[in-house]
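A.B. asks: For reference, the structure I am asking about is given below.
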């Protein structure tokens with residue numbers, strides 16, 4: 001079967017730049033990668049075909065010969081025109097396309113730098129803070145127990161004066177591959193547990209683990225306006241990595257305690273303010289708590305029970321982005337009025353009767369049912 005034109009295989013023009021060629025090859029390699037198309041012989045063929053085309057067109061000399069003489073011009077030049085001996089051979093050839101390193105390792109889980117593979121475990125911690133501190137932001141000092149590098153063996157896990165030895169099964173890679181032909185499965189080395197090393201004489205203090213549990217104190221900055229259930233990431237405050245790998249992170253899950261006066265509605269705060277009947281009817285100015293301290297709220301005359309009054313810019317946030325404080329008016333009725341209050345209320349009732357307000361109400365109710 002005649003080979004397809006390499007430019008056609010990669011879907012690029014003959015004058016395409018090397019960047020365009022790389023971009024096209026990467027897209028095809030990901031699309032037809034055997035891991036994504038298990039058992040698909042056509043996808044495997046397309047994958048190999050794209051790899052062969054890229055090998056030629058990404059090399060200036062091979063590309064020039066191919067442009068001049070076609071497939072005959074590159075026959076015998078390495079793998080070009082001859083196919084590849086194995087899938088791993090293809091992956092190893094084109095590591096630069098996927099960020100360096102052996103592509104076989106990257107697709108089958110052994111890629112990444114040693115530091116990344118040996119990164120320490122991340123930790124989780126719950127923290128409850130008062131509502132008003134969550135609004136303003138604060139700093140919390142927390143104490144936790146985590147593993148720290150053993151000072152006796154300096155993290156090697158080996159007794160002083162000795163050193164760990166390279167694992168004889170995985171040869172220091174921390175993983176072993178099993179399989180035949182194209183299908184290969186990579187698993188953690190059962191002999192060294194993925195460390196790549198064997199400890200013959202373990203450290204007595206850490207018992208070969210390289211770490212020991214310790215109590216540590218950490219300061220955590222809580223940003224202003226944090227919401228209940230938020231997660232904060234404190235970089236590098238997790239456990240130390242193996243063999244000099246980077247530390248993990250600390251994740252703090254914040255719970256905001258309920259406030260007896262305020263409730264949060266996005267960036268607005270809501271509260272309830274009790275006012276007397278006279279204040280609601282005649283209007284008044286009252287002092288009311290806010291997140292910034294006490295402030296004066298004007299109650300317009302004729303304010304109804306349950307009406308919401310807005311105090312702009314006294315909510316959560318900063319500057320123009322700050323929310324408002326919403327005040328729900330609650331008209332209070334005295335449970336045990338004084339004699340003078342009773343006298344005045346009775347007089348008010350007579351005035352309302354004279355004005356027919358009560359009769360007018362009952363007349364409206366009666367009409368609804370007749």
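A.B. asks: How many residues are assigned to a loop (DSSP other than H, G, I, E, B), without any contact (Cβ under 8 Å) to a residue 60 or more places away in the chain and surrounded by fewer than 18 Cβ atoms within 10 Å (Cβ to Cβ) when one looks only at region 8-57? Lay out the reasoning, then the answer.
C.D. replies: Within region 8-57, the subset assigned to a loop (DSSP other than H, G, I, E, B) is 11-17, 33-40.
From the residues that got through so far, the ones that are without any contact (Cβ under 8 Å) to a residue 60 or more places away in the chain too are 11-17, 36-40.
Narrowing the set further to residues that are surrounded by fewer than 18 Cβ atoms within 10 Å (Cβ to Cβ) leaves 11, 13-17, 36-40.
Qualifying residue count for the region: 11.
A.B. asks: Same structure, new question: Here are some residues: 234, 220, 256, 308. Which one is within 30 Å of residue 333 (Cβ to Cβ) and touching a strand residue (DSSP E or B) at 6+ places or on another chain (Cβ under 7 Å)? Please lay out each step first, then the result.
C.D. replies: Working: 234 fails: within 30 Å of residue 333 (Cβ to Cβ); 220 fails: within 30 Å of residue 333 (Cβ to Cβ); 256 fails: within 30 Å of residue 333 (Cβ to Cβ).
Testing whether each residue is within 30 Å of residue 333 (Cβ to Cβ) and touching a strand residue (DSSP E or B) at 6+ places or on another chain (Cβ under 7 Å) leaves just 308.
A.B. asks: Out of everything in region 327-337 that is part of a strand (DSSP E or B) and in contact with a helix residue (DSSP H, G or I) (Cβ under 9 Å, 6 or more places away or on another chain), what residue ends up being surrounded by the most Cβ atoms within 10 Å (Cβ to Cβ)?
C.D. replies: At the first step, the residues of region 327-337 found to be part of a strand (DSSP E or B) are 327-332.
Those still in the list that are in contact with a helix residue (DSSP H, G or I) (Cβ under 9 Å, 6 or more places away or on another chain) too: 329, 331-332.
Numbers: 329: 20, 331: 17, 332: 12.
Applying the filter and picking the extreme gives 329.
Conditions tested, residue by residue: (1) out of contact with any helix residue (DSSP H, G or I) (no Cβ under 6 Å at 6 or more places or on another chain); (2) surrounded by 12 or more Cβ atoms within 10 Å (Cβ to Cβ); (3) under 30 Å from residue 218 (Cβ atoms).
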| site | (1), (2), (3) |
| --- | --- |
| 241 | yes, yes, yes |
| 288 | yes, yes, no |
| 297 | yes, yes, no |
| 304 | yes, no, no |
| 316 | no, yes, yes |
| 343 | yes, no, no |
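A.B. asks: For region 71-84, check the following and say yes or no: at least one residue is within 30 Å of residue 176 (Cβ to Cβ), assigned to a helix (DSSP H, G or I) and at pLDDT 50 or above.
C.D. replies: No; the residues of region 71-84 include none that is within 30 Å of residue 176 (Cβ to Cβ), assigned to a helix (DSSP H, G or I) and at pLDDT 50 or above.
A.B. asks: Take residue 238 and tell me if it is in a loop (DSSP other than H, G, I, E, B) and under 30 Å from residue 147 (Cβ atoms).
C.D. replies: Taking the combined requirement at face value, the residue satisfies it.
A.B. asks: Tally up the residues in region 338-358 that are modelled with pLDDT of 80 or more and in a loop (DSSP other than H, G, I, E, B), please.
C.D. replies: Residues flagged as modelled with pLDDT of 80 or more and in a loop (DSSP other than H, G, I, E, B) within region 338-358 amount to 1.
A.B. asks: I would also like to ask the following. Let me confirm something: among 120, 196, which residue is under 23 Å from residue 237 (Cβ atoms), surrounded by 14 or more Cβ atoms within 10 Å (Cβ to Cβ) and in contact (Cβ under 8 Å) with a residue 24 or more places away in the chain? Don't jump to the end; show me each part of the working.
C.D. replies: Details: 196 fails: under 23 Å from residue 237 (Cβ atoms).
None of the others qualify; the one that does is 120.
A.B. asks: Still on this structure, please answer the following. What pairs can you find where one residue is in region 340-359 and under 14 Å from residue 281 (Cβ atoms), the other is surrounded by 12 or more Cβ atoms within 10 Å (Cβ to Cβ) and at pLDDT 75 or above, and their Cβ atoms are less than 7 Å apart, with a gap of 6+ or different chains?
C.D. replies: 345/337
A.B. asks: Pick out the one residue from 324, 292 that is outside the structural domain of residue 209 (by TED's automatic domain parsing), surrounded by 12 or more Cβ atoms within 10 Å (Cβ to Cβ) and either farther than 30 Å from residue 192 by Cβ or at pLDDT 90 or above (or both). Can you show your working first?
C.D. replies: Details: 292 fails: surrounded by 12 or more Cβ atoms within 10 Å (Cβ to Cβ).
So the residue among 324, 292 that is outside the structural domain of residue 209 (by TED's automatic domain parsing), surrounded by 12 or more Cβ atoms within 10 Å (Cβ to Cβ) and either farther than 30 Å from residue 192 by Cβ or at pLDDT 90 or above (or both) is 324.
The values are calculated or read from the model by the stated rules, or taken from the named source; none is laboratory data. Computed from a predicted model, the values in this text were never measured in an experiment. Ideal geometry is used to build each Cβ from the backbone, glycine not excepted, and the neighbour counts take in all protein chains shown.
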